[in-house]
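Have a look at the structure below before the remarks.
Every number here is computed from the coordinates shown, using simple stated rules; none is lab data. Quantities reported herein were computed from a predicted structural model and do not represent experimental measurements. FYI the Cβ positions are ideal-geometry reconstructions off the backbone, even for glycines, and counts take in every protein chain you see.
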Amino acid sequence: MAKPDVPKVLTGNLLRNGATVYYTGKEWSAYVADAKVAATADEAEELRKIGAAAYAANLVIDVNVVDVQPTAEHTPAHIREVIRATGPTVRRDLNKSMSAE
Amino acid sequence: MALNSSRVLDRNGPITDGWQRLADDEAVKTGASALVSFQRLKNEHNALFAEAAAVGVEIGGDVTLEELEPFLPRLGLIVVRFAFMRDGRPFSVGRLLRERYGYTRDLRAVGDFIPDQVLFLLRCGFNSFEVGPNFSADALKHGVAAYTVWYQRGVERNQTVAEMRLGKAKEQA
Amino acid sequence: MYIYDDFDHTVAQQRVAEFRDQVGRRLKGELSEEQFRPLRLMNGLYLQLHAYMLRVAVPYGTLSATQMRKLAHIARVYDRGYAHFTTRQNIQYNWIKLEEMPDLLAELASVQMHGNQTSGNCVRNVTADHFSGAIEGEVEDPRIVSEVIRQWSTFHPEFSWLPRKFKIAVTGAEKDRAAVQWHDIGLHIVRNDADEVGYTVYVGGGMGRIPVLATKVRAFLPKPELLSYLEAILRVYNRHGRRDNIHKARIKILVRDLGPEEFIRQVEEEWEASRQSGVNLPPQEEMRIARYFELPPLEKIAGPVAAFEDAKKQNRAFAQWVATNVHPHKAPGYAIATISLKPIGGIPGDIAADQMDAVADLAERYSFSEIRASHIQNLVLPHVKQADLFAVWQALGKIGFADANAGLVTDIIACPGLDYCSLANARSIPVAQRISERFADLDRQHKIGELQIKISGCINACGHHHAGHIGILGVDKAGQEFYQLTLGGAGDETASTGQLLGPGFSSDGIVDAVEKVIDTYLDLRQPAETFITAYRRVGPAPFKEKLYGAKQ
């Protein structure tokens, strides 16, 4: 039996200012909670294509599809991506939360 | 195979170019200027120099210059290929061909280099550039004018900053 | 320090204009990211986890008060109010916008600064002893030749697209504070039997996943022939260094693959063929540059300075700071003061804009406007009157940088690690912070004595863990941060590579492990031994036993 697909989101950094952003399904948001989640391998492949197109259009760079946990905020699975989503753990004063609230 | 999809530029922009790049099994048209691989030059140099009006060779940055040396007096063109954009070997190869081996005719770069690298190629002795359709001649013209003073002497024997300083000091003395 | 003339200004201005044009073309899509990336890297601009990061060159670690104020201004206007001094004497900003880079570079150029060649596969910013020109016993101030190399390597037409990055370091003293044997080229300024000045040349040192100490390729290179010899080394490397595997592209691998003898033969052959080609610097130009590095107009001060001696007697905390953070100056009555950027629990090397301004004020008032950045991620005021040290120390206390810990266990080197860096596997800074807090007690630190802890968040080794007396390497073990421990590394004239002790530790366990190592050392050390000398005497066995049990 195949393992259930790990949910995934599309992320990158804006070319013009380097900000870490997530694809929401129609635009790019600073918050991982806004991200459109791919539940299946096909949906993940669709995100990859959208990412490649946004890279080719010189909108985002360092484009990746990354694993997230099945939480409301789409908390990334790996610590590297948690830190990307929220900011350096040693400067909480400069952190953002995972959602706009 | 002619240079159909590509263009040849010098530091001022597009130039007309009569060289024909030949595959290793492609016959030389009598009286044409033939650009061949280094392997073919090594194998067929007698026939090539007899049949073609002029002979050019394409080499890579990994060339052993001692092997090329015997042919240099009879070559009209040397094309050095960038294996990829960050391939820095052509810069050394160009400078050595000009400064150590005394090669004086056409020295051309081909491959994935970008307009922003052309000024340094000129300074290492290259004088022409075979480029693809997306290569911006405007960017090249802009790029070669980016710097007017240099800390190092190039193949073009420019005055270095140190030499200009000495000249200025003498003027003031 | 060196001051730009019209020619240097022209080059700097043209660089800003060139990058302005390149940024414009990138934003319009005329340059792809693949094409633009090496161009931005050669201007010091990386993409990290949260934003672009800009590395500004501090040539051979020398800064003026004016430049420091500009760096503070840039932190406020273009970043988030702080910056980070690195292990290569440079300074980094973490929150940079590409579209603001051209204006930022123009501001830097206005104070004779830039991000040139702080990244990319080119000759990087030259590093030198942070006590240069102030310390006793130098053959020559290494900043002179460092400035010569800076100019020669700036936009070099032949050597700007090397197989990999290329780092040069210079020391002018026997005591090596520049870690020259850990560099692609290390230069040690020496005098030969005929009393001529020249260089002992080391090639092929480097850290990363294959730590290698450099090979001595020449015992004595005459000073006037330096640049032609450097070109010979670079040309052999540029032509024959590997370009097919990024992990095997450094010159250390070429030296290893050819064998040191064959490498030296090729360099000498290339040098013989090219040394007369006019690459060497005219001696007048060397003398012109040297004049910028003459000592500032120091006062003649005779005998012990009573106020200074009294202050030490009356204030134990000040005396402790003097013991660790003050080094003798070659001029009587003066001192070299180290500003620790390692407050207990702080982020090693980080400095806020207001603190930068305060350091600039101190430099202006007490150190002829001169500041040094050290590869240990501290700052140095190189020319302070002993009589002023107490005032300097008090002023540093107000900005939180008066810790008396230079060279001690809490003077930790740490790379930015996974908190910022896109290459990192694990965080470095929080480990440094927790070790610092564990050893906060200053008397305990002084009792432990000289000890260098160096932490890298990945195998690229920006935190110099291979050269740490205690080295810590962060790794990713099934998605968890783990830390390996190495002992016995050194970066000085007795350079050595730290040896892996055994299995790694969790983020919680690593601080306990470090403490066990240090307690083991305290138990076994003999009088006057430091950690490194004790380790070299006893080897890893006692430490392994304490950490992993007798069976190991």
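What GluC sites (Glu not before Pro) in the range A:8-72 are in a loop by DSSP, with at most 11 other Cβ atoms within 10 Å of the Cβ?
Taking the range A:8-72 and a limit of 11 other Cβ atoms within 10 Å, the loop GluC sites (Glu not before Pro) found are A:Glu27.
Find the all-direction average of the projected area of the Cα convex hull for the range C:127-271, expressing the result in square nanometres with one decimal place.
So the Cα hull casts an average projection of 8.5 nm².
Excluding residues fewer than 8 places away in the same chain, name every one of the aspartates and glutamates whose C-alpha is closer than 18 Å to that of C:Lys312.
Answer for C:Lys312, where 18 Å is the Cα cut-off: C:Asp388, C:Asp403, C:Asp443, listed by chain and number.
Two decimals is fine: what's Rg over Rh for the range C:320-459, C-alpha atoms, Kirkwood radius as Rh?
Computed over Cα atoms, the ratio is 0.99.
Compute the Cα gyration tensor for the range B:105-173, then decide on rounded, prolate or oblate, letting a ≥ b ≥ c be the square roots of its eigenvalues: rounded whenever a/c is under 1.5, prolate when a/b is larger than b/c in the other cases, and oblate in all that remain.
Verdict is prolate for the range B:105-173.
Report, as a whole number in µm² per second, the diffusion coefficient that Stokes-Einstein gives for the range C:413-548 at 37 °C and 0.692 mPa s using the Kirkwood radius over alpha carbon pairs.
It diffuses with D of about 222 µm²/s by this estimate.
Using the reciprocal of the averaged 1/r over all distinct C-alpha pairs, how large is the Kirkwood radius of the range C:306-398 in Å?
Value: 13.5 Å, from the Cα pair sum.
Computed over the Cα atoms of the range C:75-170, what is the ratio Rg over Rh, Rh following Kirkwood?
Ratio of gyration radius to Kirkwood radius: 1.01.
Check each of the GluC sites (Glu not before Pro) in the range C:259-330 and keep only those in coil by DSSP with at most 11 other C-beta atoms within 10 angstrom; list them in order.
Here the GluC sites (Glu not before Pro) that fit, given the DSSP loop and packing criteria, are C:Glu294, C:Glu299.
Averaged over every viewing direction, what's the projected area of the C-alpha convex hull for the range A:11-90? Give it in nm², one decimal, please.
Over all viewing directions, the range A:11-90 projects a mean Cα-hull area of 5.2 nm².
So what's the range C:6-110 giving for Cα Rg divided by 2.2 N^0.38 Å, two decimals?
1.06
Which whole-Hz ³J(HN,Hα) couplings does the range C:487-501 yield from phi under the Karplus relation 6.51 cos²θ - 1.76 cosθ + 1.60, θ = phi - 60°, glycine and proline marked x?
So the Karplus estimates, Gly and Pro as x, are 10, x, x, 7, x, 8, 5, 9, 3, 8, 9, x, 9, 4, 7 Hz.
What does the net charge come to around C:Phe390 if you take all other residues with beta carbon closer than 15 Å to its beta carbon, with K and R at +1 and D and E at -1?
That sum, taken over residues with Cβ under 15 Å, equals +3.
For a quick check: sort C:Ile233, C:Ile289 by the number of other beta carbons within 10 angstrom, fewest at the front.
Exposure proxy ranking, most exposed first: C:Ile289, C:Ile233.
Could you sort the peptides A:78-87, C:535-544 by per-residue average Cβ neighbour count (10 Å cutoff), highest mean leading?
So the peptides A:78-87, C:535-544, ranked by packing, come out A:78-87, C:535-544.
Quick check: the angle from helix B:89-99's long axis to the longest principal axis of chain B, C-alpha only, nearest 10 degrees?
80
Highest first, please rank the peptides C:345-352, B:88-95, A:33-40 by the mean number of other Cβ atoms sitting within 10 Å of their residues.
B:88-95, C:345-352, A:33-40
Alpha carbon centre of the range C:27-88 versus the range C:313-375: separation in Å?
Taking the Cα centre of each part, the range C:27-88 and the range C:313-375 sit 25 Å apart.
When you look at the Cβ of every residue in C:25-35, what mean number of other chain Cβ atoms sits within 10 Å?
Mean partner shielding for this stretch: 5.
Give me log10 I(q)/I(0) at q = 0.18 Å⁻¹ for the range B:7-146, Debye formula, one equal scatterer per alpha-carbon, no solvent.
-1.01
Report the far tail of the P(r) of chain C, meaning the percent of Cα-Cα pairs longer than 34 Å.
Beyond 34 Å sits 38 percent of the P(r) for chain C.
Work out the mean other chain Cβ neighbour count within 10 Å for the residues of C:273-280 and drop it here as an integer.
So the per-residue partner count for this stretch is 2.
In terms of Cα to Cα distance under 19 Å, which lysines are near enough to A:Lys8, apart from those fewer than 8 places away along the same chain?
The qualifying lysines are A:Lys26, A:Lys36, A:Lys49.
Rg over Rh of the protein assembly as shown, using C-alpha atoms and the Kirkwood radius, what does it come to?
Value, to two decimals: 0.99.
How many Cβ atoms of partner chains, on average, are near each residue of C:49-56 if near means within 10 Å of its Cβ?
5
Which value in deg cm²/dmol, rounded to the nearest 500, describes the helix-derived mean residue ellipticity at 222 nm for chain C, given -39,500 (n - 2.57) per DSSP H run of n ≥ 4 and division by the residue count?
-11500 deg cm²/dmol
If exposed means no more than 15 neighbouring beta carbons inside 10 Å and the site is in a DSSP loop, what's the longest run of chain B without any exposed GluC sites (Glu not before Pro)?
Longest site-free region, per DSSP loop and neighbour criteria: B:27-155.
What value, in deg cm²/dmol to 500, does the helix sum -39500 (n - 2.57) over DSSP H runs of n ≥ 4 give at 222 nm once divided by the residues of chain A?
Dividing the helical sum by the residues of chain A leaves -7500 deg cm²/dmol.
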